[in-house]
Amino acid sequence: MKFVQFYKDGKITLGVKLAGGIVDLSAFEGMPKTMKELCERSDDERLLNELANITAGALYNEGDIAFAPVVTGMEKIVCIGLNYIKHAEECHPGQPLPTEPTVFAKFGNALAAHGEEVKLPQSKKVDYEAELVLIMGEGGKIFAYTTGNDLSARDWQNATSQWICGKTYDKFAPIGPYAVDAASIKDRHLAIECRVNGEVRQSDFIDQMIFTPEQIVQYLMPRIPLKPGDIIFTGTPSGVMLGYPENAKNWLKAGDTVEVSIEGIGVLKNKLV
């Protein structure tokens with residue numbers, strides 16, 4: 001199943017993507033109205049079966065809706081750094097690979113939706129990071145996956161040993177447009193790519209992570225208890241601008257369009273202004 005959140009009459013509502021368009025779940029009695037509410041009911045097998053069997057309803061054309069971030073209202077946005085071997089090597093050449101996940105955070109102000117414009121900060125070194133994002137359900141279980149871009153101001157990030165100032169500027173965490181229930185993802189050998197103005201900058205497979213999604217959740221739960229709707233950015237492959245030679249760095253600039261795609265999940269597109 002593919003879920004979306006979009007704006008209807010100024011409010012966020014939950015929809016299911018079908019072949020013919022987006023079904024508005026608010027038209028069905030007893031259905032969750034937001035993705036967070038669905039995550040809170042993710043142990044309800046009857047509800048999940050009903051959702052899987054929806055074949056008709058009030059359909060919206062994707063081109064006619066304004067997407068919202070695919071999940072909102074969460075308590076935590078957790079991020080994992082240096083979680084692909086080649087990315088760890090490009091950022092810290094010669095150093096040993098992490099033996100435990102590198103954990104940092106973003107705040108709610110960083111959320112952005114598919115298609116939303118992202119205003120650049122004063123930083124001169126803004127970078128892209130294509131990432132698989134986990135959406136948590138009940139009981140510390142991964143309920144769904146989505147596509148994310150961990151935008152980063154590298155000069156601010158690397159000014160100290162703590163990364164957070166470079167990570168949580170407004171709209172620096174675009175996610176979406178779709179959330180795919182985890183039960184539908186049987187194969188982890190899924191391509192992940194980042195393209196800037198159509199040029200491929202990152203290309204890998206999500207099964208090349210150092211720490212798997214399950215290992216990340218297992219590590220976090222005793223330390224940062226995860227609740228339904230919380231999201232986890234799971235790290236980025238190699239190819240970020242930070243890893244380029246100094247004479248070849250081409251940081252993001254106003255007018256650039258960044259697309260992050262994950263096979264079987266979706267394509268997230270944002271323009272920088």
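The values are calculated or read from the model by the stated rules, or taken from the named source; none is laboratory data. This structure is a prediction, so every number in the text was calculated from the model and none was measured. Cβ sites come from the backbone with ideal geometry, for glycine too, and all protein chains shown count toward neighbours.
Summary table
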{"item": "Hey, ARG46 under 30 Å from ASP9 (Cβ atoms) and in contact with an Asp or Glu (Cβ under 9 Å, 6 or more places away or on another chain) or not", "result": "no"}
{"item": "Residues of region 92-111 classified as at pLDDT below 95 and crowded, with 16+ Cβ neighbours inside 10 Å, total", "result": "1"}
{"item": "Segments classed as strands (runs of 3 or more DSSP E), wholly inside region 65-164, with at least 1 members that are touching a Pro at 6+ places or on another chain (Cβ under 8 Å) and within 29 Å of TYR7 (Cα to Cα)", "result": "130-136, 142-149"}
{"item": "Selection from region 9-33 of residues that are part of a strand (DSSP E or B), out of contact with any strand residue (DSSP E or B) (no Cβ under 6 Å at 6 or more places or on another chain) and modelled with pLDDT under 95", "result": "LEU18"}
{"item": "Contacts under 8 angstrom Cβ, first residue in region 189-203 being in the same structural domain as GLY255 (by TED's automatic domain parsing), partner surrounded by 12 or more Cβ atoms within 10 Å (Cβ to Cβ) and aromatic (Phe, Trp, Tyr), 6 or more apart", "result": "HIS189/PHE205; LEU190/PHE205; ALA191/PHE205; ILE192/PHE205; CYS194/TYR128; VAL196/TYR128; ARG201/TYR128; GLN202/TYR128"}
{"item": "Those strands (runs of 3 or more DSSP E) lying entirely in region 187-273 with at least 1 residues of a type in the set (Asp, Glu), modelled with pLDDT of 95 or more and touching a strand residue (DSSP E or B) at 6+ places or on another chain (Cβ under 7 Å)", "result": "191-196, 199-205, 257-262"}
{"item": "Qualifying residue in region 261-268 (condition: surrounded by fewer than 21 Cβ atoms within 10 Å (Cβ to Cβ), more than 28 Å from PRO121 (Cα to Cα) and of a type outside the set (D, E, K, R))", "result": "yes"}
{"item": "Residues that are crowded, with 22+ Cβ neighbours inside 10 Å and β-branched (Val, Ile, Thr), drawn from region 119-154", "result": "VAL126, VAL133, ILE135, THR146, THR147"}
{"item": "Residue within region 224-232 that is basic (Lys, Arg) and under 30 Å from GLY140 (Cα atoms) present", "result": "yes"}
{"item": "Any hit, region 60-75, residues being among the charged types (D, E, K, R), at pLDDT 95 or above and under 30 Å from GLN208 (Cβ atoms)", "result": "yes"}
{"item": "Close pairs from region 39-60: first assigned by TED's automatic domain parsing to the domain that holds ALA19 and assigned to a loop (DSSP other than H, G, I, E, B), partner surrounded by 14 or more Cβ atoms within 10 Å (Cβ to Cβ) and among the acidic types (Asp, Glu), Cβ under 6 Å, at least 6 apart", "result": "SER42/GLU138; ASP43/GLU138; ALA58/ASP24"}
{"item": "Failed item in (1) within 21 Å of LEU272 (Cα to Cα); (2) of a type in the set (D, E, K, R); (3) outside any loop (DSSP other than H, G, I, E, B), with ASP170 passing the rest", "result": "(3)"}
{"item": "Candidates LEU82, LEU47, filtered to the one that is on the phi > 0 side of the Ramachandran plot and of a type in the set (A, V, I, L, M, F, W, C)", "result": "LEU82"}
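Matching residues to (1) crowded, with 20+ Cβ neighbours inside 10 Å; (2) of a type in the set (Gly, Ala, Ser); (3) touching a Lys or Arg at 6+ places or on another chain (Cβ under 6 Å); (4) closer than 30 Å to LEU151 by Cα:
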position	(1), (2), (3), (4)
LYS33	no, no, no, yes
ASP44	no, no, no, no
GLU50	no, no, no, no
ILE54	no, no, no, no
GLY57	no, yes, no, no
ASN61	no, no, no, yes
ALA66	no, yes, no, yes
VAL78	yes, no, no, yes
